[in-house]
């Protein structure tokens, strides 16, 4: 209140009244209250705080000097730890998360290791060529097959002709009397192989069908077992698709056709399709002039 109004005019008026005496006392009020000029709000604090008293024992409140290069954005966890250490409390790091506890087993309970049993097919247990074909009839691969075409030829042929699958309408058991069979007899007869030294079998022993990679793997195992009984000197595969079925996609037919290959211990040569070769003279010329000389396996038969 004393700071807000200016009472100087009132003071002059009262002083004048006192000087005139009681007879000349005026009862009017010729003075006016005037406000002082307002002080800007920023010139003085709104709520001035008294200065903090200095501690009587400065040793209880150690002073820490500020770092020379303070980080612009301090870590809140580090700031809290620094504040605790400044007042005597030990600084502690944030606790690391604990891993989930392992499940407890009852006393005496043990987990047995998992064993994967590999089933053995019936044809793999066969001890003769007849038992092998009988076991194929019970295999799931030939569950819908009307018949399983068997090997045709001598006991241990010099050349084993491997075809993809029997052709529809082709006589079973008389392949070498068919046009394609007669053509192959003449071809290998020119190389010194007698007709009775030739044998023929099929990779898939039923009507042609689409085969998945799993079925192809089973057919390769069946062929390996069959070769253990037939035991030819050389096996010859015909056609590019059959080449990939036997050797998988990791080999190139155009690069390896006519070359000496190996299928699980059996010498093998891959040639073009025998059925197409029967009527195509260019394929006959390619087989006779390029593929057969490339292998080097038929030179001793001449």
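Here is how the numbers come out for the structure above:
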quantity: All helices (runs of 4 or more DSSP H) inside the range 187-302 with 2 or more residues being touching a strand residue (DSSP E or B) at 6+ places or on another chain (Cβ under 8 Å), modelled with pLDDT of 95 or more and closer than 27 Å to residue 135 by Cα; calculated: 213-230, 240-247
quantity: The range 186-226: number of residues that are farther than 30 Å from residue 126 by Cα and crowded, with 17+ Cβ neighbours inside 10 Å; calculated: 3
quantity: In the range 143-177, residue surrounded by the fewest Cβ atoms within 10 Å (Cβ to Cβ) [restricted to those that are under 18 Å from residue 208 (Cα atoms) and free of Cβ contacts under 8 Å to residues at least 12 places away in the same chain]; calculated: 169
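The values are calculated or read from the model by the stated rules, or taken from the named source; none is laboratory data. Treat the numbers as computed from the prediction; the structure is a model and nothing was measured. Reconstructed Cβ throughout: ideal geometry from the backbone, glycine too, with neighbour counts over all protein chains shown.
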